[in-house]
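Participant: The following block contains the structure, expressed as structure tokens.
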Amino acid sequence: MRVPVSWLREFVDAPTDPAALESALVRVGLEVEEIFDLRGSVDGPLVVGRVEAITELPEYKKPIRHCLVDVGEGEPRSIVCGATNFSVGDKVVVILPGGVLPGGFTIGSRQTYGHLSEGMICSGRELGLGDDHSGIIVLPSDVDAGPGDDARPVVGLDEVVVELAITPDRGYCFSVRGIARELSHSLGTPLRDPGKLDTPAATKKPPHPVKVLDPKGCDRFVGRVVRGVDPAAPSPAWMTRRLTLAGVRPISLAVDVTNYLMLELGQPMHAFDAERLHGTLVVRRAKSGERLTTLDGVDRSLDAEDLVIVDDSGVISLAAIMGGATTEVSGATMDILFEAAHWDPVTVARASRRHRLPSEASKRFERGVDPAMAPVAVARAVELVTRYGGGTIDERVLDINTVAPREAIVIPSDDPSKVAGVAYPTKRVIALLKEIGAQVAPAGHGRIAVTPPSWRPDLTDPADLAEEVIRLDGYDKVPSELPAAPPGNGLTPQQRRRRTVGRALAEAGYVEVLSYPFVSPAAADALGLPPDDTRRHAVRLANPLSGEEPLMRTSLLPPLLATLRRNIGRGFRDVALYEQGLVFHPVDGAGTPPDLGVEQRPSDEDFAAADAVLPRQPWHVAAVVAGEFEPAGWWGPGRAADWSDAVEAARIACTSAGVSAAVRAATHAPWHLGRCAEILVDGAVVGHAGELHPATCAALDLPKRTCAMELNLDALPLPGVTPAPLVSPYPPALIDVALVVDAAVPAAEVESALVEGAGDLLESVRFFDVFTGTQVGQGRKSLAYKLTFRATDRTLTAEEAVAARDAAVAVAAGRFGAALRGA
């Protein structure tokens with residue numbers, strides 16, 4: 001929001017010194033982006049000029065004009081200009097040779113396009129007055145300045161302009177009125193409120209018939225008509241100057257008046273060409289198939305949630321956002337219907353985003369507009385238009401008002417003191433709340449009832465009122481003291497487990513990622529989940545961030561695989577990722593959650609009822625890997641990642657969580673039918689690992705043989721107190737065994753049998769080789785294990801170690817028919 005200080009000073013005695021002004025604004029919590037002191041922004045001669053002659057130069061590809069401009073020197077100056085929005089006789093702003101524009105651009109005399117150019121005709125952007133560069137500044141004909149006069153006071157270069165960054169909760173500051181009000185609080189000076197205007201009441205017969213069919217979307221609609229306006233009447237110079245300084249391009253008298261009042265009062269308005277309206281205006285929601293060509297020339301398909309204004313010809317305005325082209329005020333308009341209304345902020349915000357059509361009006365309505373300003377804005381509009389454009393005001397007034405009165409908020413009078421830690425006497429609290437325009441009444445038992453003013457829709461809770469008291473009394477009075485941190489109990493066992501698992505996977509070469517928990521309904525099909533798979537039953541969001549991903553994930557794999565695909569698409573061939581997070585499973589038959597208020601703590605029964613409908617949210621860990629797991633180099637050819645790496649990642653996660661995992665073959669989507677393992681802890685399945693199914697890789701555009709694992713960490717038992725390991729001072733006995741078994745026997749189950757049979761002397765077992773060939777027979781394989789035996793109280797003899805090995809082999813032989821290779 002840009003506003004010249006002279007405009008603010010109409011309503012409050014604001015300082016003109018930039019430093020003092022910034023301090024006053026910051027003191028009440030307004031963020032100052034920049035203060036422009038335009039008084040020294042242009043050096044050298046900047047004068048008013050009158051265009052005496054224009055010669056078009058058609059031999060160039062772009063518009064070029066050779067102009068003769070009277071700048072008060074007797075003979076006109078020769079100036080070459082590329083703008084086309086001015087004519088002979090217009091008054092323009094000229095900077096003469098020797099002048100310096102903002103940015104250090106020095107003007108001189110030079111030959112260009114075959115003519116001498118002795119100066120420059122300026123646009124608003126060149127003078128630093130705004131961003132408009134669509135044409136040069138054409139001064140109103142009634143401007144009190146002639147050729148050669150200093151142009152600085154004419155265009156506002158004798159001004160100080162402040163630019164503020166308005167936060168969404170301070171929508172009332174999107175107006176000169178709102179900023180002036182804040183300055184009056186900060187400076188302790190009275191406010192001359194432009195909104196205090198006696199307005200005529202609604203008449204029985206309106207100036208134009210209007211029906212509001214959606215009072216929730218539009219709870220106030222005010223209209224007045226002016227007839228016989230001079231369509232050629234220019235906007236007054238003071239108005240165009242202020243609009244330009246505020247960054248708004250002047251267009252025509254009627255449009256400039258609506259823009260001016262929007263900036264001054266914060267009330268957006270619209271001007272209709274009354275002669276182009278057909279029948280009764282109706283405010284309603286749009287219907288399916290309806291379309292509207294807005295003022296920007298775009299034909300738009302309307303949504304059933306959009307608020308629109310229609311007449312007998314169809315939709316003529318996208319309410320609160322932009323009017324339609326069929327009823328816009330034009331250069332021939334003589335009868336004008338001014339409309340000012342109050343629209344539902346949520347509806348406006350959604351429509352603006354839906355149509356990708358942000359406007360100055362929608363920006364204000366979605367942040368909250370004072371409904372009391374609608375009749376004031378219309379009364380000011382008809383008065384300004386008739387003053388500068390002639391015409392007759394229709395005395396009939398339309399005012400459809402269904403605005404609900406504000407409800408009082410009851411708070412303890414010491415609530416601000418408790419929030420800030422600063423003692424605010426009750427009288428001070430009441431005085432500050434009345435200063436913002438609220439009505440305050442005693443409510444008994446040390447409480448007060450506060451009714452916020454109409455221009456503060458952001459004041460809805462006791463905390464809002466406490467913040468206002470603290471803000472107006474001064475943030476600088478609140479002590480900067482850190483609260484004492486209460487002693488904690490450290491990490492919970494679940495938190496320690498999550499950190500340990502994440503650290504172990506990172507040390508194994510996996511990179512942690514964080515994904516959004518939202519997935520597409522097509523994700524289950526891409527994973528190839530069966531129709532009855534519980535992972536297809538997902539929680540649907542009522543208001544998703546993206547309509548393409550309205551579901552909460554039931555598995556970590558869909559977003560994690562999408563991250564893998566994105567990294568591979570950006571040139572990373574070898575990728576290993578992991579993620580920990582919640583998955584969401586809806587509760588079958590869950591009812592409606594209870595309505596829990598904020599006035600007091602809900603009962604235990606309410607908590608239990610709310611918990612009963614919450615989705616189950618177990619904590620999962622997943623890992624995915626593609627490309628080479630061991631890179632190639634001078635040391636060797638490397639190794640591509642395969643299903644065993646995914647299984648090993650699951651083992652790493654379980655081991656770091658303090659549990660021992662067993663592995664066995666399984667069939668489970670989205671893994672390959674023959675390369676999938678289920679991970680078991682204490683006989684219960686806690687997850688799966690292996691190579692993804694080729695159809696899944698194709699559906700998700702992943703490399704072939706991409707591997708993944710996913711575990712339910714919450715299904716793992718929490719380990720108890722881990723005893724310190726006994727360190728034996730005696731040497732180990734190392735024995736390798738190679739067992740020949742059927743090819744279908746899992747190596748992990750053979751390893752379990754060896755551990756079971758070896759007894760307490762076995763310190764560790766490691767599977768290190770598998771061999772198939774004619775030497776071991778058709779349909780057979782050889783599995784090699786390294787067994788380490790050690791005693792804690794003595795050095796083992798060779799006979800003891802061999803006996804332990806034989807006992808281990810005996811169990812494997814009895815269970816799987818294993819035989820020592822070469823025996």
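Participant: Counting pairs of alpha carbon atoms under 8 Å apart in space and at least six apart in sequence, what relative contact order in percent does the range 377-457 give? Write down the numbers at each step before the final one.
Facilitator: Working: 67 pairs, mean separation 22.1, N = 81.
So the answer I get is 27 percent.
Participant: Relative contact order of the chain: what whole-number percent is it, with Cα pairs under 8 angstrom and at least 6 residues apart?
Facilitator: Result for the chain is 8 percent.
Participant: Now a separate question. Using only the Cα atoms of the range 183-300, build the gyration tensor, take square roots of its eigenvalues as a ≥ b ≥ c, and label the shape rounded, prolate or oblate: rounded if a/c is under 1.5, else prolate if a/b is larger than b/c, else oblate.
Facilitator: prolate
Participant: Work out which GluC sites (Glu not before Pro) in the chain are exposed loop sites (DSSP not H, G, I, E or B, at most 15 other Cβ within 10 Å) and give the longest gap free of them.
Facilitator: Excluding the exposed sites themselves, the longest stretch runs over 74-304.
Participant: Let me ask something additional. Work out the FRET efficiency for Asp142 and Tyr516 from their Cβ-Cβ distance, taking R0 = 51 Å, and round it to the nearest 0.05.
Facilitator: 0.30
Participant: Computed from the mean reciprocal separation of all distinct C-alpha pairs, what Kirkwood hydrodynamic radius does the range 324-368 have, in Å?
Facilitator: About 12.2 Å for the range 324-368.
Participant: So, taking all protein chains as they sit and a 1.4 Å probe, how much accessible area belongs to Leu253, in Å² rounded to tens?
Facilitator: Roll a 1.4 Å probe over it and Leu253 shows about 10 Å².
Participant: Sticking with this structure for a sec: Probe 1.4 Å, all protein chains in place: accessible area of Met334 in Å², nearest 10?
Facilitator: Result for Met334: roughly 90 Å² accessible.
Participant: Inverting the mean 1/r over all pairs of different Cα atoms, compute the Kirkwood radius of the range 623-680 and quote it in Å.
Facilitator: Evaluated on the range 623-680, it is 12.8 Å.
Participant: Rg and Dmax of the range 273-320 over Cα atoms: what are they, in angstrom?
Facilitator: 10.3, 29
Participant: With axes computed from alpha carbons, what is the tilt in degrees of helix 493-507 against the longest principal axis of the chain, rounded to the nearest 10 within 0 to 90?
Facilitator: The angle comes out near 80 degrees.
Participant: Please work out how much length the chain gains when fully extended from Glu22 to Asp742, using 0.36 nm per residue of separation minus the C-alpha to C-alpha distance, in nm with one decimal. Numbers along the way, then the final one.
Facilitator: Details: separation 720, 0.36 × 720 = 259.20 nm, distance 8.45 nm.
The span from Glu22 to Asp742 would gain 250.8 nm if fully extended.
Participant: What spacing in nm lies between the two simple spin-label points modelled at Asp611 and Arg573, each 7 Å away from Cα in the Cβ direction?
Facilitator: Between Asp611 and Arg573, the label points sit 5.3 nm apart.
Participant: Please grab the % of Cα pairs in the range 725-823 that end up more than 23 Å from each other.
Facilitator: 25 percent
Participant: In debye, nearest 20: dipole of the chain around its Cα centre with unit charges on the Cβ of K, R (+) and D, E (-)?
Facilitator: 1040 debye
Participant: Among all stretches of the chain without exposed chymotrypsin sites (Phe, Trp or Tyr not before Pro) (DSSP loop, at most 11 other Cβ atoms within 10 Å), which one is longest? Can you show the working numbers first?
Facilitator: Working: sites that count: Tyr60, Trp634, Trp635.
Segment 61-633 is the longest.
Participant: Going from most exposed to least, what order do Tyr516, Tyr424 have by accessible area with a 1.4 Å probe? Mind dumping the intermediate values first?
Facilitator: Working: Tyr516 165, Tyr424 15 Å².
Most to least solvent-accessible, the answer reads Tyr516, Tyr424.
Participant: What FRET efficiency, computed as 1/(1 + (r/R0)^6) with R0 = 51 Å and r the Cβ-Cβ distance, is obtained for Lys205 and Thr460, rounded to the nearest 0.05?
Facilitator: Numbers: r = 38 Å, r/R0 = 0.75.
Calculated value: 0.85.
Participant: OK, next. Starting from a Cα-only point model with no solvent, please compute log10 I(q)/I(0) by Debye for the range 78-129 at q = 0.15, 0.26, 0.32 1/Å.
Facilitator: Treating every Cα as an identical point scatterer, log10 I(q)/I(0) equals -0.42, -1.16, -1.32.
Participant: Please report the relative contact order for the range 1-160, taking Cα pairs under 8 Å with a sequence separation of at least 6, and give it as a percent rounded to a whole number. Intermediate values should be presented prior to the final figure.
Facilitator: Details: 312 pairs, mean separation 41.5, N = 160.
Relative contact order, the range 1-160: 26 percent.
Participant: Determine the sum of side-chain charges near Asp414: Lys and Arg each +1, Asp and Glu each -1, restricted to other residues whose C-beta is under 13 angstrom from that of Asp414.
Facilitator: Neighbour charge sum, excluding Asp414 itself: +3.
Participant: Pull up all non-local amide H partners of Asp306: gap of 5 or more, or a different chain, and H-to-H distance under 5 Å with H placed in the peptide plane.
Facilitator: Ala286
Participant: Right, something else. Before I look further, what does the chain give for accessible area per residue, probe 1.4 Å, in whole square angstrom?
Facilitator: 49 Å²
Participant: Take the Cα coordinates of the range 3-104, assign each an equal point scatterer, and use the Debye formula without solvent to give log10 I(q)/I(0) at q = 0.13, 0.19, 0.20, 0.22 Å⁻¹.
Facilitator: Cα-only, vacuum Debye calculation for the range 3-104: -0.69, -0.95, -1.00, -1.11.
Participant: While we're looking at this one, here's another question. With a/c under 1.5 counting as rounded, go ahead and sort the range 71-217 into rounded, prolate or oblate using the C-alpha gyration tensor (a ≥ b ≥ c being the square roots of the eigenvalues; past the cut-off, prolate if a/b is larger than b/c, else oblate).
Facilitator: It comes out prolate by the Cα gyration axes.
Participant: In nm², what is the average projected area of the convex hull enclosing the Cα atoms of the range 370-432?
Facilitator: Values: hull surface 30.7 nm².
One quarter of the hull surface, i.e. the mean projection, equals 7.7 nm².
Participant: Hey, could you get me the Stokes-Einstein D for the range 342-494, Kirkwood radius over alpha-carbon pairs, 25 °C and 0.890 mPa s, rounded to whole µm² s⁻¹?
Facilitator: 125 µm²/s
Participant: Out of the range 511-600, which trypsin sites (Lys or Arg not before Pro) are coil in DSSP terms and have no more than 11 other C-beta atoms within 10 Å?
Facilitator: Hits after loop and neighbour filter: Arg570, Arg573.
Participant: If you don't mind, another one. Rounded to the nearest percent, how much of the accessible area of the chain (1.4 Å probe, protein heavy atoms only) is carbon and sulfur?
Facilitator: Working: 21140 of 40130 Å².
C and S atoms contribute 53 percent here.
Participant: With the crude spin-label approximation of a point 7 Å out along Cα→Cβ, what separation in nm comes out for Arg227 versus Gln600?
Facilitator: According to this spin-label approximation, the distance is 6.3 nm.
Participant: Mind running the shape call on the range 507-562? Use the C-alpha gyration tensor, a ≥ b ≥ c as the square roots of the eigenvalues: rounded below 1.5 for a/c, prolate if a/b tops b/c, oblate otherwise.
Facilitator: oblate
Participant: Using Cα atoms only, what is the angle between the long axis of helix 18-27 and the major principal axis of the chain, expressed in degrees (0 to 90) to the nearest 10?
Facilitator: Approximately 50 degrees, to the nearest 10.
Participant: Shifting gears a bit: Hey, got the Cα dimensions of the range 497-625 along the principal axes, in Å, largest first?
Facilitator: In descending order, the Cα extents are 54, 34, 27 Å.
Participant: Also, quick follow-up: For Lys427, which lysines qualify as cross-link partners when the Cα separation must be under 26 Å and same-chain residues fewer than eight apart are set aside?
Facilitator: List returned: Lys418, Lys477.
Participant: Note the angle between two axes, namely the Cα long axis of helix 747-758 and the longest principal axis of the Cα atoms of the chain, as a number of degrees from 0 to 90, rounded to the nearest 10.
Facilitator: That helix lies at roughly 50 degrees to the long axis.
Participant: Could you check the simple spin-label distance between Asn543 and Arg447, using points 7 Å along Cα→Cβ, in nm with one decimal?
Facilitator: Each label point is offset 7 Å from its Cα along the Cβ direction, giving 2.8 nm.
Participant: Give me the extension gain from Asp193 to Glu756: residue separation times 0.36 nm, minus the current Cα-Cα distance, reported in nm with one decimal.
Facilitator: Result for the pair: 193.7 nm of gain on full extension.
Participant: Using 0.36 nm per residue, how much length does the chain from Ser330 to Phe768 gain when fully extended, once their Cα-Cα distance is taken away?
Facilitator: Values: separation 438, 0.36 × 438 = 157.68 nm, distance 8.66 nm.
Stretched fully, the Ser330-Phe768 segment lengthens by 149.0 nm.
Participant: May I pose another question? Over 45 Å, how big is the tail of the calculated P(r) for the chain, in percent of all Cα pairs?
Facilitator: Percentage above 45 Å: 53.
Participant: Given the whole protein assembly as supplied and a 1.4 Å probe, what does the accessible area of Lys477 come to in Å², nearest 10?
Facilitator: 110 Å²
Participant: Work out the FRET efficiency for Asp701 and Thr722 from their Cβ-Cβ distance, taking R0 = 41 Å, and round it to the nearest 0.05.
Facilitator: Plugging the Cβ-Cβ distance into 1/(1 + (r/R0)^6) gives 0.40.
Participant: Just the number: Rg to Rh for the range 261-349, Cα atoms, Kirkwood Rh, two decimals. Mind showing how you got there, number by number?
Facilitator: Values: Rg = 12.8 Å, Rh = 13.5 Å.
Rg/Rh for the range 261-349 comes to 0.95.
The values are calculated or read from the model by the stated rules, or taken from the named source; none is laboratory data. Quantities reported herein were computed from a predicted structural model and do not represent experimental measurements. Cβ atoms come from the backbone with ideal geometry, glycine included; neighbour counts cover every protein chain shown. Accessible surface is based on the protein model in full, side chains and every heavy atom, while ligands, DNA and RNA are left aside. Shrake-Rupley method; radii C 1.70, N 1.55, O 1.52, S 1.80 Å.
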